[in-house]
Amino acid sequence: MFDVDAEMQTRITDDIAITACPVLVDEESREDDTLWGYYLCIENNSAHKIHVVGKNWNISDDKGNLYCDNSMGFKGEIPELEPGECFEFTSTAPIKSSNAVFYGSCRIMDEAGTVTKDIRIPTFSLSSAKESYSVTIN
């Protein structure tokens with residue numbers, strides 16, 4: 001788990017709120033890599049249960065590299081959220097640059113399992129030139 005001091009950003013679509021922020025974990029974790037962490041909170045403010053079935057995340061750095069994660073679930077979990085519930089997710093990404101942008105979406109399925117839609121996450125910058133954020137990893 002990260003201890004996050006970064007400014008969180010929230011995007012709301014169809015009563016689903018996604019809050020996100022970056023966390024600089026280690027600027028010198030490997031020779032050319034910067035290890036970033038990121039935090040996401042998906043909150044179901046709709047009147048119906050939803051399933052968060054997957055993600056399509058992209059990180060584009062200032063050296064032209066593109067990192068993608070287009071997969072089902074979240075570390076083996078497919079969260080089911082009743083109205084008012086939320087799901088928090090943290091992970092890391094080694095980037096070969098000190099500046100990048102994180103963007104993408106989460107795939108949400110309705111309670112009946114018949115309609116799937118992509119809900120965009122807030123776009124945020126990964127820039128170690130900015131203020132460093134404190135991190136605690138459990």
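The values are calculated or read from the model by the stated rules, or taken from the named source; none is laboratory data. Treat the numbers as computed from the prediction; the structure is a model and nothing was measured. So basically every Cβ, Gly included, is an ideal-geometry build from the backbone, and we count neighbours across all protein chains shown.
Within the stretch 105-138, the set of residues being polar (S, T, N, Q) and at pLDDT below 80 comprises S127, S128, S132, S134, T136, N138. Restricting to the stretch 65-77, and then to whatever is surrounded by fewer than 14 Cβ atoms within 10 Å (Cβ to Cβ) and in contact with a strand residue (DSSP E or B) (Cβ under 7 Å, 6 or more places away or on another chain), can you tell me which residue is farthest from N45 (Cα to Cα)? Filtering first and then ranking leaves L66. Scan the stretch 83-104 for residues that are free of Cβ contacts under 8 Å to residues at least 40 places away in the same chain and either closer than 15 Å to S125 by Cβ or out of contact with any strand residue (DSSP E or B) (no Cβ under 7 Å at 6 or more places or on another chain) (or both) and the total you get is 1. Taking first residues from the stretch 40-66 that are of a type in the set (S, T, Y) and partners that are part of a strand (DSSP E or B), the Cβ contacts under 7 Å between residues at least 6 apart in sequence or on separate chains come to S46/I16; S60/L66; S60/A100; S60/V101.
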